[in-house]
Amino acid sequence: MASMDIPADDTRQAVRAEPRTAVAAPTLTWVTLALMTTASVASLRAAPTMAVYGLACVFLYLVPAIVFLLPTALVSAELASGWSGGVYRWVSEGLSKPLGFLAVWCQFAMTIFYYPSLLAFVASTIAYVIDPSLASNGLYTAIVIMVLYWTGVWVSSRGTKALAGLSSWGLIIGTLVPGTVLVLLGMVFLGQGNASAAPMTASHLFPEWTGLASLVLIVNNFLSYSGMEMNAVHVSSLKDPAKEYPKSMFLAMGLVLLIFILPALAISWVVPAHQLSLTAGVMQAFHAFFAHFHVGWLTPIAAVMLVSAALGGMLTWLAGPSKGLLEISRSEGYLPPFLQRLNKHGIQQNILVTQGVVTTVIALMYALIPNVSNVYWIFSTITTQVYLIVYLLMFVAAMRLRKIQPDHPRGYRVPALGLMCVVGLLASLAALAIGFVPPSQFGGGSVWSYIGIVGGGLVLLGLLIPYAFLRLRRPSWRTQGGDVR
């Protein structure tokens, strides 16, 4: 996910269950769709995570692209071309409505851990404008997370529409421009004869095997790629979906891989792995390159670009997943009336505030746990684990829909759907399992504490809470058509 930017139109479509009409949709070229998909997935935030592995990051990005990214994109295209309504409709039709609720709940719940990790990246980036040593200060990080998140809630609760274009600008200002600059600086740096901080020989194409822990960082790439299914809703806008959609996805995959791999390599050229911060790695690289080329005054500018893009993405999409959850709950009665109430601007303020309380508690963990990178990684892992539940349900639902509704009209049919779903399913299960293994960078930390935190977050957020809502559900909770202000 590209930094997990969630398109707002998908969350709105997640609550519509009407059958498709014959109204002709505006046509898109397959190249345009590829660029839209790239914009919704690509990000620099995950680059430091893979830069730790140097040249091996190429391998670690390619593997999940083949076994997860491609199956996700193609399978979701078939589902989107046959059933409007997003993941809730797909899982409800293929499996059951309660499992459909679980899927849409997990889409929302993953943001509870996503925003603290995103804002930790913002805090570390801001630190390079104020004082770089603050990047590893847990108390500072916690304060920044709380202040920025609650500011975002206040802005979103006022129904501000001026933020709608921030995501598109975020791709250019916070990803493409700084990413290109980072790679060009790195190439010039190496071209001058400077030695790379990470070995760049053929023997380092694969990560060194020191047990499962040496491959754990690959799990984070599943979250990096999540969101490809969001643009599947546009498959019917192509002139020839059967031919053009696969081409679009292959092009998008190539562009996404370039945006992910090249900046990660550039970081590894100038920042040694043992010094790399998972939250501040991008700024560490900019700081080192700018210092080398004697243009240190550009460091704050790079920081502002990265921060503006990250905050723009957060503000643009803050209310998106919660809006999808709200509207489904109003029609099916999944959430209590208190959480369904809207403020005078028509925004689900009670959900945002409740989410903010949990986010505040999570932010305090940055102040309590000494290593900021460790906390960042734990929260990123929990985010991935919870979101993987959505994909597990989606792959199973796709196989079952092909079996129970084989003649249902589909604008696009995946060749070898069963194989694609099995590959995606096994990859998702493997990522879930590997996510419980602490990465080798954690050193001598307690393995069982790590498993307890990650497992506890997954079970509580991804299973127990939605189960409680389903068990406590009452007919009176259904408020669609009523005014619950």
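Starting from the Cα-Cα distance between His204 and Thr151, subtract it from 0.36 nm times their residue separation and give me the gain in nm to one decimal.
14.6 nm
Leaving out ligands, DNA and RNA, and with a 1.4 Å probe, what % of the accessible surface on segment 337-421 is carbon or sulfur?
Carbon and sulfur atoms account for 68 percent of the accessible area of segment 337-421.
Per-residue HN-Hα couplings for segment 378-387, Karplus 6.51 cos²θ - 1.76 cosθ + 1.60 at θ = phi - 60°, whole Hz, x for Gly and Pro?
4, 5, 4, 5, 4, 4, 5, 4, 5, 5
Leu238's amide H: which non-local residues (gap 5+, or another chain) put their own amide H closer than 5 Å, with H modeled 1.01 Å from N in plane and none for Pro or chain starts?
Leu28
Enter the Cα centre distance for the pair segment 454-472 and segment 373-444, rounded to the nearest angstrom.
Taking the Cα centre of each part, segment 454-472 and segment 373-444 sit 18 Å apart.
Pop out the carbon and sulfur fraction of the accessible area of segment 27-136 as a percent, whole number, probe 1.4 Å.
Of the solvent-accessible surface of segment 27-136, carbon and sulfur hold 73 percent.
At a Förster radius of 60 Å, what calculated FRET efficiency corresponds to the Cβ-Cβ distance of Ser446 and Ala416, to the nearest 0.05?
0.85
When all protein chains stay in place, what accessible area (Å², nearest 10, 1.4 Å probe) is found for Asp240?
Surface open to solvent at Asp240 totals about 60 Å².
Given a 1.4 angstrom probe, what's the average accessible area per residue across segment 33-473, in square angstrom?
Ligands and nucleic acids excluded, the result is 37 Å² per residue.
Sticking with the crude label model, points 7 Å out along Cα→Cβ, report the distance from Leu463 to Phe59 in nm, one decimal please.
Rounded to a tenth, the inter-label distance reads 3.3 nm.
Taking amide hydrogens as modeled 1.01 Å from N in the peptide plane, which residues meet the under 5 Å criterion relative to Arg473, leaving out close sequence neighbours?
Those qualifying (amide H under 5 Å, at least 5 residues apart or on another chain) number zero.
Kindly write out, for segment 242-249 in residue order, the coupling ³J(HN,Hα) from the Karplus curve 6.51 cos²θ - 1.76 cosθ + 1.60 (θ = phi - 60°), rounded to whole Hz, with x marking Gly and Pro.
4, 9, 7, 5, x, 4, 4, 5
Mind scanning Lys247/Lys323; Lys323/Lys344; Lys97/Lys403 and naming the pairs with a C-alpha gap bigger than 27 Å?
Lys247/Lys323
How large is ³J(HN,Hα) for each residue in segment 254-264, as worked out from phi by the Karplus curve 6.51 cos²θ - 1.76 cosθ + 1.60 (θ = phi - 60°), to whole Hz, x for Gly and Pro?
Taking θ as phi minus 60°, the curve returns x, 5, 4, 4, 4, 5, 7, 6, 4, x, 4 Hz for segment 254-264.
Please name whichever of Ala197, Leu426, Val307 sits farthest to the positive end of the charge dipole of segment 33-473, dipole taken about the Cα centre and charges placed at Cβ: Lys and Arg +1, Asp and Glu -1.
Towards the positive end, the residue furthest out is Leu426.
Work through the residues other than Phe101 whose Cβ is under 14 Å from its Cβ and net out their charges, Lys, Arg +1 and Asp, Glu -1.
Taking every other residue near Phe101 into account, the sum is +3.
For the residue pair Thr32 and Asn343, what label-to-label distance in nm results when each label sits 7 Å from Cα along the Cα-to-beta-carbon direction?
With each label placed 7 Å out from Cα toward Cβ, I get 3.6 nm.
Treating only the Cβ atoms of Lys and Arg (+1) and Asp and Glu (-1) as charged, compute the dipole magnitude of segment 33-473 about its Cα centre; round to the nearest 20 debye.
1060 debye
The values are calculated or read from the model by the stated rules, or taken from the named source; none is laboratory data. Predicted model, so just to flag it, every value in this text is computed and none were measured. A quick note on method: Cβ atoms are made from the backbone with ideal geometry, for glycine too, and the neighbour counts reach across all protein chains shown. These area figures cover heavy atoms from the full protein model, side chains too; ligands, DNA and RNA do not enter into them. Shrake-Rupley method; radii C 1.70, N 1.55, O 1.52, S 1.80 Å.
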